[in-house]
Amino acid sequence: MKNNKTNKIVKIGVFAAVASVLMCLEFPLPLFPAFLKFDFGDVPALIGTFTLGPVSGVVIELLKNIVKILLKGTITVGIGELANFAITAVWVFTAGIMYQRNKTKKTAIASLTISTIIMSVFGALFNYFVALPAYEAAMMAKGQSLGNLAVYATTIIFPFNMIKGAIVSLATLLLYKKVSIALKLEHTSLETSKEIA
């Protein structure tokens, strides 16, 4: 039992480390504001949520954002990272909960599709009510304004998250099977070594 718990913590740490590195390799997408960056850091979190459970996926997202700030700093006074965590936590938790009920490829596709839509809607609302007002207040000293926040949240934040969700979900589907097979082989070899010992 203790070994299983330790093994799970180690796996969460590995997924979080990979997610942090990928998040640091972020880049802007054409037609979107510079502070909205695309990265593949959510792929390890989604694989982690499918493999280890939804709570583990949320922990991976939290660690990813903390490590990213420590390694790269922040250009949004932490608001971007807070928004990233809140929105992606909803994403991976929703996907993980749905997938846990029936672990099939069809369920994985359905869970990623539905959770991407939920994440995008939540992302627009969270940005409108929390992140954008906080960011605008922080940037006010520099004379910057985002304009109509409702328009900004629905015409920029929502489509950005839908595009990101679709691309990251596809990458997750392509990689998950290979990673899960590797983890199962690792688990089998550990169990065998325990029996021999």
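A short reminder: the numbers here are calculations on the coordinates, not readings from a lab. Please read all numbers here as calculations on a predicted model, not as lab measurements. When we count neighbours, we look across all protein chains shown, and the Cβ atoms used for this are built from the backbone with ideal geometry, even at glycine.
Can you give the relative contact order of the chain as a percent, counting alpha carbon pairs under 8 Å and 6+ residues apart?
Worked out over the chain, it gives 19 percent.
Let me check against my output: what whole-number percent is the relative contact order of region 1-77, with C-alpha pairs under 8 Å and at least 6 apart?
Details: 81 pairs, mean separation 25.4, N = 77.
Reported relative contact order: 33 percent.
Which option, [x] 78, 31, 26; [y] 68, 35, 26; [z] 44, 34, 28, is the value of Cα extents along the principal axes in Å that was calculated from these coordinates?
[y]
Under DSSP H, which helices of the chain have Cα atoms covering 20 Å or more of the helix axis and a Kyte-Doolittle average no less than 0.0?
Span-like helices in the chain: 2-24, 54-72, 79-101, 105-126, 158-196.
Given charges of +1 on the Cβ of Lys and Arg and -1 on the Cβ of Asp and Glu, with all other atoms neutral, how large is the dipole of region 1-115 about its Cα centre, in debye to the nearest 20?
Working: 12 positive and 5 negative charges, 117 e Å.
My answer is approximately 560 debye.
Of Ile97, Gly73, Gly147, whose Cα points farthest to the positive end of the dipole of the chain (charges on the beta-carbon: +1 Lys, Arg; -1 Asp, Glu; origin at the Cα centre)?
The residue sitting farthest along the positive end of the dipole is Ile97.
With n ≥ 4 as the cut-off for DSSP H runs, can you work out [θ] at 222 nm for the chain, using -39500 (n - 2.57) per run divided by the number of residues, rounded to the nearest 500?
Working: 8 runs with 149 residues, N = 197.
Roughly -26000 deg cm²/dmol at 222 nm, from the helical runs in the chain.
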